[in-house]
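Taking it in order: structure first as structure tokens, then the write-up.
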Amino acid sequence: MNYKNKSIFQSFQVAANGVSEAFRGQKNLRVHLLLSVIAAGLGIYFNLDSVEWGLLWTAVFAVVICELLNTAIEAVVDMVTAEFHPLAKIAKDVAAGAVLLSAFFSLIIAYLLFLHRFVTLFCGGF
């Protein structure tokens with residue numbers, strides 16, 4: 001496929017195909033998206049304000065974007081070399097590290113948004 005001179009619709013279609021391919025092929029992305037749905041449900045239940053929603057969606061999209069980039073980097077590295085190469089390992093490990101750090105970031109956001117609400121809900125506060 002020629003990637004030059006595409007219409008905006010074709011560009012969006014290519015991008016959507018990439019997300020779809022990652023969703024079908026990457027179990028971790030499906031897990032992240034499931035957790036995102038749960039987080040959104042909690043956000044609705046606890047009636048987050050607009051700033052809190054912004055933090056929640058920033059965390060969600062940070063993880064998803066890192067997972068997509070990790071998938072792309074792994075695919076390119078696998079395409080370039082089937083043999084072990086220290087630089088290939090570094091590329092894959094660093095990309096996976098970005099996912100890990102974004103997941104930790106999302107856990108921190110979830111902690112800040114939801115812990116006090118759960119404590120109040122289940123324990124009546126401190």
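The values are calculated or read from the model by the stated rules, or taken from the named source; none is laboratory data. What you see is a predicted model, and the numbers here were worked out from it, not measured in a lab. Quick reminder, even Gly has a Cβ in these numbers, built from the backbone with ideal geometry, and neighbours come from all protein chains shown.
Quick check: anything in region 1-22 among the basic types (Lys, Arg) and either in contact with a helix residue (DSSP H, G or I) (Cβ under 7 Å, 6 or more places away or on another chain) or modelled with pLDDT under 95 (or both)?
yes
Name the residues in region 27-52 that are loosely packed, with under 12 Cβ neighbours inside 10 Å, over 18 Å from the mean Cα position of the chain (by Cα) and not aliphatic (A, V, I, L, M), would you?
Result: Tyr45, Asn47, Asp49, Ser50.
Among all residue pairs at least 6 apart or on different chains, which show Cβ distances below 7 Å where the first residue, located in region 58-81, is within 25 Å of Leu113 (Cβ to Cβ) and small (Gly, Ala, Ser) and the second is in a helix (DSSP H, G or I) and at pLDDT below 95?
The qualifying pairs do not exist here.
Exactly one condition in (1) in contact with an Asp or Glu (Cβ under 9 Å, 6 or more places away or on another chain); (2) at pLDDT below 95 is false for Thr120; which is it?
Result: Thr120 passes all but (1).
This table checks each residue for (1) surrounded by 12 or more Cβ atoms within 10 Å (Cβ to Cβ); (2) touching a residue at least 40 places away in the same chain (Cβ under 8 Å); (3) under 23 Å from His116 (Cα atoms).
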{"site": "Ser7", "(1), (2), (3)": "no, no, no"}
{"site": "Ala15", "(1), (2), (3)": "no, no, no"}
{"site": "Gly25", "(1), (2), (3)": "no, yes, no"}
{"site": "Gly54", "(1), (2), (3)": "no, no, yes"}
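Looking at region 82-100 only, could you name the residues that are closer than 17 Å to Val64 by Cα, free of Cβ contacts under 8 Å to residues at least 24 places away in the same chain and surrounded by 12 or more Cβ atoms within 10 Å (Cβ to Cβ)?
Result: Lys92, Gly97, Leu100.
Looking at Ala98, is it touching a Cys at 6+ places or on another chain (Cβ under 8 Å) and more than 22 Å from Leu42 (Cβ to Cβ)? Before the answer, list the steps.
Working: touching a Cys at 6+ places or on another chain (Cβ under 8 Å): yes; more than 22 Å from Leu42 (Cβ to Cβ): yes.
Yes.
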